[in-house]
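Here is the structure we will look at, set down as structure tokens.
The values are calculated or read from the model by the stated rules, or taken from the named source; none is laboratory data. Note that the structure is a prediction, hence the values are computed from the model and not measured. Every residue, glycine as well, gets a Cβ built from its backbone with ideal geometry; the counts of neighbours run over all protein chains shown.
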Amino acid sequence: ARKIIIDTDPGIDDAMAILFAFQAPQLEVLGLTTTFGNVSVDLATQNAIKLTEIAQVTVPVAKGVAVPSHIAPRPHPDFVHGKDGFGNINLPAPAGSAIDKSAAQFIVDTVRAFPGEVTIIALGPLGNLAKALELDPEVADLVDEVVLMGGTAIEYGNVSPVAEANIMNDPHAADKVFTAPWQVTMIGLDVTHQVLLDNDILSRIKQANPEEGGFLFDCAQYYIDFYSSRFDMNGCYFHDASTIAYVMDPSIFGVELGAVRVACEGIGIGQTIFAPQGMSFPEPHWNDVPMTQVCMEVDSEKLLTLFETTLS
Ligand code: BDR
Ligand code: CA
């Protein structure tokens, strides 16, 4: 099985991704690391532990950064994920607790323990990954791949016309991640806005798997209400769980290679700027930037079928 660490801010779609990964026989989840984003880092940590208890797995949870690296924190989007991060279903607190190690240190130690074997899947703002690179720059060579949900190459943003939420929450950290010498795959709004998860699928998962499916169905209702009220759609977009599907079966996606950099100030702050491979520019910002794999196409039916069958 492929060894993964999931860096996360649960979050309703983070919960979908994490339970999906726990059920996938192709994946071995070595740990969850948490960050602020959809909720505070303390609540994200509680929620991550709760997910391990719902899935009845023993997976360490390491708490990470509480605030962005260089900008003021933005408010938590409780109108999208609820005050509890799970659509206001108000579950009791988890029994377990986080390990006594920071998220960044956990990432470094785990990657060093399995050189070349660990894939980091990032579902929130990228502060923990940037910190891991600061603690130990060699992790970039030792990681198998970084697969992140965030950004957009040509689709509109979701927190500004050009910015996606995870990148906007810590643009400097994101720029560090996109310019470090590791293999990054970006799964952004270009593809996640092409996939619609609806209540038909969630009800079938609930029927087949009442414990996890029931929990996902309950928290998804608030999320679906948000998307249906804001956009002309009957369901929700499929953000974080797309990364898990990518790691299980990359053939579901079509990728383009290019340099990605992040705008760190001004009205374009948080924008992921995509320069397709082969283009060259006199501006120095574009020299020697490693190639990111940017997902631009997705087989939505295949993706949703993989999600449903794995969780059922
Ligand atoms: C991303 O932002 C968060 O609200 C979601 O959990 C997802 O990671 C989508 O823009
Ligand atoms: Ca997330």
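Across the stretch 264-291, the number of residues qualifying as buried (at least 19 other Cβ atoms within 10 Å of the Cβ) and either under 20 Å from the mean Cα position of the chain (by Cα) or not small (Gly, Ala, Ser) (or both) comes to 4.
Taking the residues in the stretch 134-154 that are over 18 Å from the mean Cα position of the chain (by Cα) and either in a strand (DSSP E or B) or over 14 Å from Ile5 (Cα atoms) (or both) as candidates, determine which candidate is nearest to ligand 1 (Cβ to nearest atom).
Here is the first cut: in the stretch 134-154, the residues over 18 Å from the mean Cα position of the chain (by Cα) are 134-142, 154.
After this cut, where a residue has to be either in a strand (DSSP E or B) or over 14 Å from Ile5 (Cα atoms) (or both) as well, the list is 134-138, 140-141, 154.
On the way: Glu134: 23, Leu135: 24, Asp136: 25, Pro137: 26, Glu138: 28, Ala140: 23, Asp141: 27, Ile154: 16 Å.
Top of the filtered list is Ile154.
In the list Pro77, Pro92, Pro25, Pro68, which residue meets the criterion of being more than 15 Å from the chain's Cα centre (by Cα) and closer than 21 Å to Lys176 by Cα?
On the way: Pro77 fails: closer than 21 Å to Lys176 by Cα; Pro92 fails: closer than 21 Å to Lys176 by Cα; Pro25 fails: closer than 21 Å to Lys176 by Cα.
Unique residue meeting the criteria: Pro68.
Checking Val177, Val191 one by one, the residue that is under 23 Å from His285 (Cα atoms) and buried (at least 24 other Cβ atoms within 10 Å of the Cβ) is Val177 and no other. In the stretch 50-58 there is at least one residue that is touching a Phe, Trp or Tyr at 6+ places or on another chain (Cβ under 8 Å) and outside any helix (DSSP H, G or I).
Only residues that are within 14 Å of ligand 2 (Cβ to nearest atom) and assigned to a strand (DSSP E or B) were counted in the stretch 1-47, giving 6.
If the condition is being within 18 Å of Ile187 (Cβ to Cβ) and surrounded by fewer than 23 Cβ atoms within 10 Å (Cβ to Cβ), then the stretch 111-128 contributes only Thr119.
Being within 13 Å of ligand 1 (Cβ to nearest atom), closer than 24 Å to Leu142 by Cβ and aliphatic (A, V, I, L, M): is that true of Ile12 here? So that I can check it myself, show each step before the final result.
Working: within 13 Å of ligand 1 (Cβ to nearest atom): yes; closer than 24 Å to Leu142 by Cβ: no; aliphatic (A, V, I, L, M): yes.
Against the criterion (within 13 Å of ligand 1 (Cβ to nearest atom), closer than 24 Å to Leu142 by Cβ and aliphatic (A, V, I, L, M)), Ile12 does not qualify.
Can you find even one residue in the stretch 56-67 that is closer than 23 Å to Met248 by Cβ and either within 16 Å of ligand 1 (Cβ to nearest atom) or out of contact with any strand residue (DSSP E or B) (no Cβ under 9 Å at 6 or more places or on another chain) (or both)?
We begin by selecting, within the stretch 56-67, every residue closer than 23 Å to Met248 by Cβ; these are 56-61.
With the extra rule that they be either within 16 Å of ligand 1 (Cβ to nearest atom) or out of contact with any strand residue (DSSP E or B) (no Cβ under 9 Å at 6 or more places or on another chain) (or both), the set shrinks to 56, 58.
Yes, that holds for at least one residue.
To keep it simple, each residue is scored yes or no on (1) under 19 Å from Ser40 (Cβ atoms); (2) without any contact (Cβ under 8 Å) to a residue 40 or more places away in the chain; (3) away from ligand 2 (no atom under 14 Å from the Cβ); (4) not small (Gly, Ala, Ser).
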| site | (1), (2), (3), (4) |
| --- | --- |
| Ala66 | yes, yes, yes, no |
| Gly82 | yes, no, no, no |
| Gly85 | yes, no, no, no |
| Pro92 | yes, yes, yes, yes |
| Gly96 | yes, no, yes, no |
| Pro125 | yes, no, no, yes |
| Ala153 | no, no, yes, no |
| Met168 | yes, no, no, yes |
| Pro171 | no, no, yes, yes |
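Out of Lys131, Lys83, Lys101, one residue alone is among the basic types (Lys, Arg) and within 18 Å of the chain's Cα centre (by Cα). It is Lys131. Within the set Gly96, Gly87, the sole residue that is outside any helix (DSSP H, G or I) and within 16 Å of ligand 1 (Cβ to nearest atom) turns out to be Gly87.
Does at least one position in the stretch 259-277 carry a residue that is without any contact (Cβ under 8 Å) to a residue 24 or more places away in the chain, under 26 Å from Thr185 (Cβ atoms), away from ligand 1 (no atom under 16 Å from the Cβ) and not in a strand (DSSP E or B)? Yes: one or more hits. Of all residues in the stretch 93-110, at least one satisfies being hydroxyl-bearing (Ser, Thr, Tyr), closer than 14 Å to Gly64 by Cα and either modelled with pLDDT under 95 or surrounded by 17 or more Cβ atoms within 10 Å (Cβ to Cβ) (or both).
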